[in-house]
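Asks: Here it is, the structure in full.
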Amino acid sequence: MKNLVPAVLAVLAACGGHDATRGAPTDGSRVLFDGKTLGKWKSTEFGGQGEVRVQDGKIVVDGGAALSGIHWTGGDVPKVNYELSVEAMKIEGNDIFCGIAFPYKESFCSFVAGGWGGSTVGLSSVDGMNASENETNSDMDFQKDRWYTFRLRVTNDKIEAWIDAKQVVNLETKDRKVSIHPAMELSCPLGLATYTTTAAFRNIRLRPL
């Protein structure tokens, strides 16, 4: 059954994903965006950030001078043993269109997609090195106006991430220093961000493991 999960995610991505209004999830997930209002999400005051709005069932984050995005103010965010999923689309720009700030035990970390000129994927930071420098780094081409499904799994000894059906991060965290890039600290405890890029987000869900 586990082997079917990546295939199902790939089919969902190819079909444009699923709609948050189609009903409550059956896997114990919390729906963090209802497709209608920001709810407990707030625009993050990075300085020079772009506008945030809800439009046609998605959260649109306009590109700003540097980072733009939203952060969760609703509390009840686990520190470990959880899975976060979100669909993201790059609309304009050529840098990070899906940055995710997330808790890891007593610290935080960030996952980025599309950084450093549009293709870098990875975690910032691991042992003080950002996503362009550490072993979680990889490159991937991202098309505009296409939904991608991101899934981030955080457990006591591992941080994993998938984009659609492809696993892009598989980090064993024992004896490693996991921290968040200083630029993303305002996104804590849980946030979504872009860098000089306009993007959209939908179907944001958090599931305990």
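The values are calculated or read from the model by the stated rules, or taken from the named source; none is laboratory data. This structure is a prediction, so every number in the text was calculated from the model and none was measured. Virtual Cβ from ideal backbone geometry, glycine too; neighbours counted across all protein chains shown.
Asks: Hey, can you tell me all the residues within the range 130-153 that are of a type outside the set (S, T, N, Q), surrounded by 13 or more Cβ atoms within 10 Å (Cβ to Cβ) and part of a loop (DSSP other than H, G, I, E, B)?
Replies: Within the range 130-153, Ala131, Glu133, Glu135, Met140, Phe142 qualify.
Asks: Among (1) in contact with a helix residue (DSSP H, G or I) (Cβ under 6 Å, 6 or more places away or on another chain); (2) more than 23 Å from Arg176 (Cα to Cα), where does Ser119 come up short?
Replies: With respect to (1) in contact with a helix residue (DSSP H, G or I) (Cβ under 6 Å, 6 or more places away or on another chain); (2) more than 23 Å from Arg176 (Cα to Cα), Ser119 is out only on (1).
Asks: Lys58: in contact (Cβ under 8 Å) with a residue 60 or more places away in the chain and of a type in the set (D, E, K, R), yes or no?
Replies: Working: in contact (Cβ under 8 Å) with a residue 60 or more places away in the chain: yes; of a type in the set (D, E, K, R): yes.
Against the criterion (in contact (Cβ under 8 Å) with a residue 60 or more places away in the chain and of a type in the set (D, E, K, R)), Lys58 qualifies.
Asks: Another question, then. Taking the range 48-81, which residues are within 15 Å of the chain's Cα centre (by Cα) and crowded, with 19+ Cβ neighbours inside 10 Å?
Replies: Lys58, Ile59, Val61, Leu67, Ser68, Gly69, Ile70, His71, Trp72
Asks: Between a residue in the range 31-47 that is of a type outside the set (Gly, Ala, Ser) and surrounded by fewer than 16 Cβ atoms within 10 Å (Cβ to Cβ) and any residue that is in a loop (DSSP other than H, G, I, E, B) and at pLDDT 95 or above, which pairs come within a Cβ distance under 9 Å, given they are 6 or more apart or on different chains?
Replies: Cβ pairs passing all conditions: Lys36/Gly57; Lys40/Leu32; Lys40/Thr73; Lys40/Gly74; Lys42/Thr73.
Asks: Can you name every residue in the range 105-125 that is in a strand (DSSP E or B) and farther than 14 Å from Met184 by Cβ?
Replies: At the first step, the residues of the range 105-125 found to be in a strand (DSSP E or B) are 107-114, 120-124.
Within the range 105-125, Gly114, Thr120, Val121 meet the criteria.
Asks: Quick one: in the range 154-169, which of the residues that are part of a loop (DSSP other than H, G, I, E, B) and out of contact with any strand residue (DSSP E or B) (no Cβ under 7 Å at 6 or more places or on another chain) is nearest to Arg205 (Cα to Cα)? Reasoning before the result, please.
Replies: Within the range 154-169, the subset part of a loop (DSSP other than H, G, I, E, B) is 156-157, 164-165.
In the following step, the residues that additionally are out of contact with any strand residue (DSSP E or B) (no Cβ under 7 Å at 6 or more places or on another chain) were identified as 156, 165.
Working: Asn156: 20, Ala165: 17 Å.
The residue in question is Ala165.
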